[in-house]
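Only one structure is covered here, and it is reproduced in the block below.
The values are calculated or read from the model by the stated rules, or taken from the named source; none is laboratory data. Just so it is clear, the model here is predicted, and its values are computed rather than measured. Please note: Cβ atoms are built from the backbone with ideal geometry, for glycine as well, and neighbour counts cover all protein chains shown.
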Amino acid sequence: MRLDAKALRYMSSDDFRVLTAIEVGSRNHDIVPAPLIAQLSHIRGGGVNRYIGDLIKRKLIASETNSKYVGYKLIYAGYDYLALKTLSKRGTVTSVGNQIGVGKESDIFVVAGEDEEQVVLKVHRLGRQSFRNVKNKRDYFRQDQSPSWMYMSRLSAMKEFAFMKVLYEHGFPVPKPIDQNRHVVVMGLVDAFPLRQITEVGEPGKLYSTLMDLIVRLAKHGLIHGDFNEFNILLQENGEPVLIDFPQMVSTSHPNAEYYFNRDVDCIRTFFKRRFNYESVLYPKFRLDADKDFNLDVQVAASGFTKKDQAQLEKYQEDVGANQNEGETRSDYYDSHEDVSDEEFVYSGDEAGSEEDEGEPSTKGKETADSGDGDDES
Ligand code: ADP
Ligand code: MG
């Protein structure tokens, strides 16, 4: 999946209004009928149809017919557009660059940030493939709606950002959290390679202890990474690891905490044995009473990613098997490059009009495309 820089460049403010109207309308409608789009976008007369046609041509929205009417819905490119537009207005993303990774449920880009420095853009794409496996699709339908990939992707990004922030603030080796909007997280670029690509390290025993200490330190802060493996550990030149990828983190008070904790530990043991032929009799064991220094999961909840959000995302992850171990379930980006575009995209911010959107459209109060910065989906 690409970020369509062309769409970003040639968008009028009316197109933008219409796109935003469809996003707002989607909160209550599986597919949004044209009259509602007209109303939400304040575009009168038949005018709105022209914009709709245009957005379809650019593959930012799609039309669909249900039993009652023809309506329109956002597709990923349209949602990408809205997020990028917001980030670029905030100044945290100033151009769109190269794609460096295609994950199971994300696309990773290196882009230019506020001071032209390189930053990483992680676009969460839940539902790209996994809704097919969801056992009970109804849970993701809001009354006659299709599974809300938009909502789940956004939750995932919110969670990642919330955890990254709390971890960063407590001195954990994680990328610098920069910004988040909708399904997109902006973070510092780590100059390092995934452990997966490292064939030799000077002292495997030292790295092994560092990683196990990290698992223990997380647990002492009330957290388990949940996907602590060679894909999500980046190794810097100085030998220090940086941990990434947080959508599946769980609290040590989670009912399956011990299982997740042991799985993280086992991942490292297995990898070290296989890759470096290193084995140790020492490895951490889960103790619920591990004298907790902090309760970071509580701090995360306080940051706006609520327990309810967490529960909802966890349910989805369980249903699609997204909490299986990454190493076993996904192809490595570096083994298969097909999907990775090396085309260079440039997004020069402001051609698309200006007055709208500082955040996500608010759903509070009456529906309107004049967005506030609300972030509530409920
Ligand atoms: P996924 O959820 O798809 O596994 P990750 O967050 O693990 O996504 O990122 C996928 C890959 O992108 C990583 O293995 C790493 O190579 C690269 N990557 C992600 N974030 C960063 C970052 N902040 N700095 C450098 N590389 C990164
Ligand atoms: Mg990963």
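Taking each residue of segment 196-211 that is touching a residue at least 24 places away in the same chain (Cβ under 8 Å) and looking for partners that are among the charged types (D, E, K, R) and surrounded by 13 or more Cβ atoms within 10 Å (Cβ to Cβ) with beta-carbon atoms closer than 8 Å, six or more apart or interchain, yields R196/E230; R196/D332; I198/R275; T199/R275.
Per the conditions (1) touching an Asp or Glu at 6+ places or on another chain (Cβ under 8 Å); (2) within 16 Å of ligand 1 (Cβ to nearest atom); (3) not assigned by the TED database to the domain that holds D179, the sole criterion not satisfied by Y76 is (1). Taken over segment 208-249, the residue count meeting the criterion of being hydrophobic (A, V, I, L, M, F, W, C), away from ligand 2 (no atom under 16 Å from the Cβ) and assigned to a strand (DSSP E or B) is 1. Taking each residue of segment 79-92 that is closer than 10 Å to R182 by Cβ and looking for partners that are β-branched (V, I, T) with beta-carbon atoms closer than 6 Å, six or more apart or interchain, yields A83/V184; L87/V93.
Report yes if some residue within segment 90-104 is modelled with pLDDT under 95, in contact with a Leu (Cβ under 7 Å, 6 or more places away or on another chain), among the charged types (D, E, K, R) and within 16 Å of ligand 1 (Cβ to nearest atom); otherwise report no. The answer is no; no qualifying residue exists.
In segment 302-313, the residues that are in the same structural domain as N256 (by the TED database) reach residues that are among the hydrophobic types (A, V, I, L, M, F, W, C) with C-beta atoms within less than 6 angstrom, at least six apart or across chains, in these pairs: S303/A162; F305/M158; F305/A162; K307/A301; D309/L155; L313/L155. How many residues does segment 21-54 hold that are farther than 21 Å from Y151 by Cβ and not in a loop (DSSP other than H, G, I, E, B)? Residues flagged as farther than 21 Å from Y151 by Cβ and not in a loop (DSSP other than H, G, I, E, B) within segment 21-54 amount to 13. For R128, indicate whether it is modelled with pLDDT under 85 and away from ligand 1 (no atom under 16 Å from the Cβ). No. If you go through segment 110-127 and keep only what is buried (at least 16 other Cβ atoms within 10 Å of the Cβ) and either assigned to a loop (DSSP other than H, G, I, E, B) or not aliphatic (A, V, I, L, M) (or both), you end up with G113, K122, H124, R125, L126, G127. Take the residues in segment 154-207 that are of a type in the set (D, E) and assigned to a helix (DSSP H, G or I), then tell me which one is surrounded by the most Cβ atoms within 10 Å (Cβ to Cβ). Here the residue is E160. Taking segment 81-109 as the range and being more than 16 Å from ligand 2 (Cβ to nearest atom) and in a loop (DSSP other than H, G, I, E, B) as the test, the residues that pass are G91, T92, V93, T94. When you go through (1) in contact (Cβ under 8 Å) with a residue 12 or more places away in the chain; (2) more than 16 Å from ligand 2 (Cβ to nearest atom); (3) outside any helix (DSSP H, G or I) one by one for S67, which number turns out not to apply? Checking S67 against (1) in contact (Cβ under 8 Å) with a residue 12 or more places away in the chain; (2) more than 16 Å from ligand 2 (Cβ to nearest atom); (3) outside any helix (DSSP H, G or I), the one that fails is (1).
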